[in-house]
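The values are calculated or read from the model by the stated rules, or taken from the named source; none is laboratory data. The structure presented is a predicted model; accordingly, all values stated were derived computationally and were not measured. Reconstructed Cβ throughout: ideal geometry from the backbone, glycine too, with neighbour counts over all protein chains shown.
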Amino acid sequence: MKSDHTKSSEVTRRIFVERMARSAFGVSLLPMMSGSMAEAAETARPPIHAALPGFGKAKAVIMLQLSGGLSQIDSFDPKTGASKGPGSAVSTKAGFQLSSFLPQTAKVADKIAIIRSMTAKVGVHEQARYLMRTGFEKRGTIVHPTLGAWAHKYLGPCHDTLPSSVCINRPSTNGNGFLPATMSPLPILDPDEGLKHAVNQEESTVMQKRLAMLRDIDGKFTETVNDPSIIAYNDFYESTLRLMKGKDLKCFDLNEEPNELRERYGRNRFGQGCLLARRLVEGGVRYIEVESGGWDMHKDIEGGMQERGAEFDVAFAALINDLHTRGLLESTMVVVATEFGRKPTFDGSGRGHHPLVFSTVIAGGGAKSGFVYGASDAAGGQVAENPVTVGDLHATVAHACGIPIEKAVVSPSGRPFNIGNKGKPVTDLFV
């Protein structure tokens, strides 16, 4: 029988852990999962989707996030009639049409697959961005992981020193979610800068001393509590230190690339971010997100597509060709994602938000080439066939990575979660 002192100590430790978790993860720490035997049995069971096409073909993922809402009609699903915008439809050797704003992408159309039947219910930027990054609608009570964190959870770390996931051109918000801090993406705010400041030997030494001091101070408490959510923070600091001292930092240095190739990607943050993503794939990083902003084209969609659209067009085509030439496209899935689509109504200048139908693109990683899945109606305002939710897209990418999407992870709040909120993989997209 436990003494009152032991019970009091347990309560005190639990309160401390709960406050730490709430502060760090934004969730309450309710009774944790204790069914280790059930979990072991579940782990031993083969994934139910393993025999389906495409499973495990992608060893790395590059997610291109177009924040603001790409117009499907002025990019990957051109229309005629009243919906037609300032561009025109151009034919490709893959047999389908693209907007004239994407001439370079048209040249690699035989290497990509387009989903023209994406659909969602969220048409507000912040919430839609969260949904596309996590596969879940935003809630005030919990933060959900991104695909990179899910992959780290199920497949383990992908490298001894390099992070399993990196986000480029944005901070690491909406990263690990309720999963441990070690699964958070490493942020690269400017691809030209990379991590050059992280190799300062003096700073590395100072951090090492601070980490040793931290271990000495909280070592006994950590050993007593033995809570994975708290231990993860020390592991996170240690993995950061290993990266700072390691030789793999050259993966982040774009100066290693010839100027001609850098020009081919485009001398802008998105283009150089795509080039950095390719370097990180070569180095062994599993999941890289590259953000491109400025797609909220309520006004002057023609000017926006000539500027922002051209940056994307050049960089995307260069990335696909570069991966293909290096023999990496077959094992690397490139995903073009956006918050939502734009309205079929063109007012002579721009288009409003429209989540009911939009387009995404996947290439490589076992996906079919020169392929179109699903369709919108003649106006481009509704799904006509084969609707695909954001959760389905997440499940599809996870399936390609060999992740057992049917297996749930129990959050610190005691709730089970599946990748993509139980979305289903679209296996027709795979060879």
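In table form, for the structure just shown:
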| read-out | value |
| --- | --- |
| Residues located in segment 330-369, provided they are part of a loop (DSSP other than H, G, I, E, B), over 22 Å from Phe55 (Cβ atoms) and in contact with a Ser or Thr (Cβ under 8 Å, 6 or more places away or on another chain) | Glu339, Pro344, Thr345, Phe346, Arg351, Gly352, Pro355, Leu356, Val357 |
| From Met297, Met305, residue being aliphatic (A, V, I, L, M), part of a helix (DSSP H, G or I) and at pLDDT 95 or above | Met305 |
| The lone exception for Ser239 - which of (1) at pLDDT below 95; (2) assigned to a strand (DSSP E or B) it fails | (2) |
| Test: residue in segment 140-156 that is among the polar types (S, T, N, Q) and at pLDDT below 90 | yes |
| Strands (runs of 3 or more DSSP E) completely within segment 56-129 that count 3 or more residues being closer than 19 Å to Gly374 by Cβ, at pLDDT 95 or above and touching a helix residue (DSSP H, G or I) at 6+ places or on another chain (Cβ under 8 Å) | 113-119 |
| Residue check for Asp392: acidic (Asp, Glu) and either in a strand (DSSP E or B) or out of contact with any helix residue (DSSP H, G or I) (no Cβ under 9 Å at 6 or more places or on another chain) (or both) | no |
| Qualifying residue in segment 109-123 (condition: buried (at least 17 other Cβ atoms within 10 Å of the Cβ), touching a residue at least 40 places away in the same chain (Cβ under 8 Å) and more than 25 Å from Ile301 (Cα to Cα)) | yes |
| From the options Gly294, Gly271, residue that is in contact with a helix residue (DSSP H, G or I) (Cβ under 7 Å, 6 or more places away or on another chain), under 25 Å from Thr134 (Cα atoms) and surrounded by fewer than 18 Cβ atoms within 10 Å (Cβ to Cβ) | Gly294 |
| Selected residue [farther than 18 Å from Ala277 by Cα and surrounded by 23 or more Cβ atoms within 10 Å (Cβ to Cβ)] from Ala128, Ala151 | Ala128 |
| Matching residues, segment 143-182, being of a type in the set (A, V, I, L, M, F, W, C) and without any contact (Cβ under 8 Å) to a residue 40 or more places away in the chain | Ala149 |
| The listed residue being more than 19 Å from the chain's Cα centre (by Cα), hydrophobic (A, V, I, L, M, F, W, C) and within 29 Å of His159 (Cβ to Cβ), out of Ala317, Ala277, Ala310 | Ala317 |
| Test: residue in segment 187-199 that is within 13 Å of the chain's Cα centre (by Cα) and either modelled with pLDDT of 90 or more or part of a strand (DSSP E or B) (or both) | yes |
| Unique match (being of a type in the set (A, V, I, L, M, F, W, C) and under 25 Å from Asp248 (Cβ atoms)) among Leu98, Leu102, Leu162 | Leu162 |
| Lone unmet requirement of (1) under 16 Å from the mean Cα position of the chain (by Cα); (2) at pLDDT below 95; (3) not aliphatic (A, V, I, L, M) for Lys422 | (1) |
| Residue among Gly365, Gly374 that alone is touching a strand residue (DSSP E or B) at 6+ places or on another chain (Cβ under 7 Å), within 18 Å of Lys121 (Cβ to Cβ) and not acidic (Asp, Glu) | Gly374 |
| Residue ID - surrounded by the fewest Cβ atoms within 10 Å (Cβ to Cβ), chosen from residues in segment 71-108 that are among the hydrophobic types (A, V, I, L, M, F, W, C) and under 19 Å from Met297 (Cα atoms) | Ala82 |
| Residues that are touching a Pro at 6+ places or on another chain (Cβ under 9 Å) and either surrounded by 18 or more Cβ atoms within 10 Å (Cβ to Cβ) or closer than 22 Å to Leu64 by Cβ (or both), drawn from segment 349-380 | Arg351, His354, Val357, Gly366, Gly374, Ser376, Gly380 |
